[in-house]
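Asker: Sharing a structure below in structure tokens format, with a few things to ask.
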Amino acid sequence: MFAGDIGFRVFKLDSTNIRVWDPDRDDLTGTLLDSIEHLKADRTEQDILFELLLKLGLELTVPIEQKTIASKAVHSIGVGSLMVCLASKISREEVEPLAHGIVSWREELKPAGETQVVFRDSAFADDVAKSNLTAILRQYGLENARSL
């Protein structure tokens, strides 16, 4: 049986990958702690990536490349127009090599316009790690960095 790439993608319509905010008024502390990771646990990185494409209004046929940078999978969508890292953990030590790797890859790809960079919000070890990564990206002209 052939298990290789046959040239097209098949999609199945499913519910969102993001958990709905449904607070338990009797246990708000517990609800907030449970909501730190707002992405559903049973979803794959690819599920989240394709939902992100839809929410940003991009075609599902847009070219997607993947590269490992600082031991994290980073996706380039539309030849560098969108760069996405959905790693579940990003430590303070990984921030600098990850940011510089993304900047270098973008320079290789030479996208026509601005590049948007997206990360998983809950992945960052702390606010310092997130701020440092954003600052490094901005230093190299990647102003549009956000997390989901």
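Asker: If you go through the stretch 85-99 one residue at a time, how many are at pLDDT 95 or above and among the polar types (S, T, N, Q)?
Answerer: 1
Asker: Continuing with this model, one more query. Of Gln66, Gln46, which residue is assigned to a strand (DSSP E or B), of a type in the set (S, T, N, Q) and without any contact (Cβ under 8 Å) to a residue 60 or more places away in the chain?
Answerer: On the way: Gln46 fails: assigned to a strand (DSSP E or B).
Residue meeting the stated conditions: Gln66.
Asker: Among the listed residues Glu94, Glu114, Glu59, Glu108, identify the single one that is surrounded by 15 or more Cβ atoms within 10 Å (Cβ to Cβ) and out of contact with any Ser or Thr (no Cβ under 7 Å at 6 or more places or on another chain).
Answerer: Only one candidate passes the filter, namely Glu94.
Asker: Could you run through the stretch 75-86 and say how many residues are touching a helix residue (DSSP H, G or I) at 6+ places or on another chain (Cβ under 7 Å), in a strand (DSSP E or B) and more than 14 Å from Gln46 (Cβ to Cβ)?
Answerer: Qualifying residue count for the region: 2.
Asker: Cβ contacts < 6 Å: first residue touching a residue at least 40 places away in the same chain (Cβ under 8 Å), restricted to the stretch 107-131; second residue loosely packed, with under 12 Cβ neighbours inside 10 Å and assigned to a strand (DSSP E or B), any location; separation 6+ or different chain. Result?
Answerer: These pairs meet every condition: Val118/Arg146.
The values are calculated or read from the model by the stated rules, or taken from the named source; none is laboratory data. Here the structure is a predicted model, which is why all the values come from computation and not from measurement. Note that we place each Cβ from the backbone using ideal geometry, even for glycine, and neighbour counts take in every protein chain shown.
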